[in-house]
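Readers should treat all values here as calculations from the given coordinates under stated rules, not as data from a laboratory. This structure is a prediction, so every number in the text was calculated from the model and none was measured.
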Amino acid sequence: MYLQLLDETIIVVLHTLLVHLIRNQFWQYPLCNVYGLWQPDELHQLLLGLIQDLLLWLLKYRKARKVKYQFDN
């Protein structure tokens, strides 16, 4: 399909520049957006990082101050 849109001279120039046209399998699905298939959840990653850091800091603080039983209660 995209080869029909390009002129033969453009294809030859691209091949001389070692640019080879490939066919993406997702292009045949009109409702599929390859850029939206997997997107990381930034808020989840941020909260997970904050909670992990906070818990590690709290465990170190509790051990340094020897107040384990006060936090457990």
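Brief remarks on what is shown
- Matching label, Rg and Dmax of the Cα atoms in Å computed from the structure shown, candidates [x] 27.6, 79; [y] 14.0, 46; [z] 12.0, 35: [x]
- Coupling constants for segment 67-72 follow from the phi torsions by the Karplus curve (6.51 cos²θ - 1.76 cosθ + 1.60, θ = phi - 60°), and in residue order they are 10, 4, 5, 5, 5, 5 Hz; glycine and proline get x.
- In order along segment 39-45, phi translates into HN-Hα couplings of 10, x, 8, 5, 5, 4, 5 Hz, rounded to whole numbers, per the Karplus curve 6.51 cos²θ - 1.76 cosθ + 1.60 with θ = phi - 60° and x for Gly and Pro.
- Phi angles across segment 12-21 convert, under the Karplus curve 6.51 cos²θ - 1.76 cosθ + 1.60 with θ = phi - 60°, into 3J(HN,Hα) values of 5, 5, 4, 5, 5, 8, 6, 9, 10, 6 Hz, Gly and Pro given as x.
- Using a Gaussian network model of the chain in which every pair of alpha carbons under 10 angstrom is joined by a spring, one finds that among 38, 57, 27 the greatest mean-square fluctuation is at 57.
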